[in-house]
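Take a look at the structure below.
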Amino acid sequence: MDFYGWLGLIAGVLLAGYFLDREIYFYEGVHLGPRVQAWLYDRWAKKYDADKHESQLRDDEMLAQPLLEATRDVHAPFVLDFATGTGRLSYALTRRPEFKGRILALDLSQGMLEEAVRKLSRASDSGHGGVVPLLSAMPVEFLRHQTLPLPFPDSSFDVVCALEVLELFPNMDEPLAEFSRVLRPGGILLTSRGTEASGRRAKVKSADAFASLLEANAFANVQIVGWWKLFDRVIAVKRGNSDPVKKRALRDVLKCSNCGNIQWDETSHSLKCVSCGNALTVTETGVVLN
């Protein structure tokens, strides 16, 4: 190979490395498909909270408190924590004694969910003077699910939370339509808008454009406030009114991927569809693998 051949090869390797680096570390593997993306998040899980520390410093003030205020008329809201990661929203809510609801924490990465289980079960509470096994007392369930649509009927939840995730979808309309579908009329959406400082120019929408996008998907009363430098916090209400869903369990809303029915026999190691026999593995820590 002559000089120019070697030069071209080196340039190609550097260019491929650049695009791979941006895909993995900047876009978090979104263009590589859900299985590869889940694998990348599995590898990242144990370092995730350390890498995201800055964005989690005000979770109680900026996430838990406003959500509690928005749901003050619902005694025990049923919450979908979509793309929960290591359970930041679930952690913030379950640390508040006034939260009486139930949370379904969903993510495409089993590794992230297992880390969330560990974090919640290790959480210390100064009122008890040590480590409190929150999962034994607080209603949080964990589901691995890797694709849209969501495996739930319409109007299944009082609250849908989806933080720092919309920018990772090829088109924000698809997840927003799903969030709107599974949220009851009058329910609360807690999400985030990537700011201009995030650098993801192709995915950044102005506050006005983001609000218009939410309104086009049946949301109203959109409130966008500064959260941290890369994201704004967004709270909106699904148009309409309905009675609260209140406390439910995963087995009450999970549609079988084979037959579409919702009727499960539950053991410590599996969920089995009563209608067709489809079985879902439940890990030792309680994560349901859909």
Practice task
Quick one: net charge around Lys272, please, counting Lys, Arg +1 and Asp, Glu -1 for every other residue with C-beta under 13 Å from its C-beta.
Solution key: -1
Practice task
With a 1.4 Å probe and every protein chain left in place, work out the accessible area per residue of the stretch 177-290 in Å², rounded to a whole number.
Solution key: 48
Problem - Mean Cβ count within 10 Å, highest first, over the residues of peptides 187-195, 237-245 - result: 187-195, 237-245
Handout entry: Label point 7 Å beyond Cα of Arg72 along Cβ direction - residues of the stretch 189-230 with amide nitrogen under 19 Å
Key = 189-190, 221-224
Exercise for the section: Using packing as a proxy for protection, rank 172-178, 141-147 so that the peptide with the highest average count of other Cβ atoms within 10 Å comes first. Expected result: 141-147, 172-178
Problem - For Trp264, distant residues with modelled amide H under 5 Å away - result: Val274
Exercise for the section: Quick one: what are the phi-derived ³J(HN,Hα) couplings along the stretch 240-251, Karplus 6.51/-1.76/1.60 with θ = phi - 60°, whole Hz, x for glycine and proline? Expected result: x, 9, 7, 5, x, 6, 6, 4, 9, 10, 3, 5
Handout entry: Distance between modelled label sites at Glu174 and Ala220, nm, 7 Å Cα→Cβ extension
Key = 3.0
Practice task
Just order 79-87, 152-160 by mean Cβ neighbour count inside 10 Å, highest at the front, would you?
Solution key: 79-87, 152-160
Completion exercise
With a Förster distance of 25 angstrom and the Cβ-Cβ distance between Asp243 and Val274, calculated FRET efficiency to the nearest 0.05 equals 0.40
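The values are calculated or read from the model by the stated rules, or taken from the named source; none is laboratory data. Everything numeric in this text was worked out from a predicted model, so none of it was measured. Cβ coordinates were reconstructed from backbone atoms using ideal geometry, including for glycine residues, and neighbour counts include every protein chain displayed. All accessible areas refer to the heavy atoms of the entire protein, side chains included, with ligands and DNA or RNA removed. Shrake-Rupley method; radii C 1.70, N 1.55, O 1.52, S 1.80 Å.
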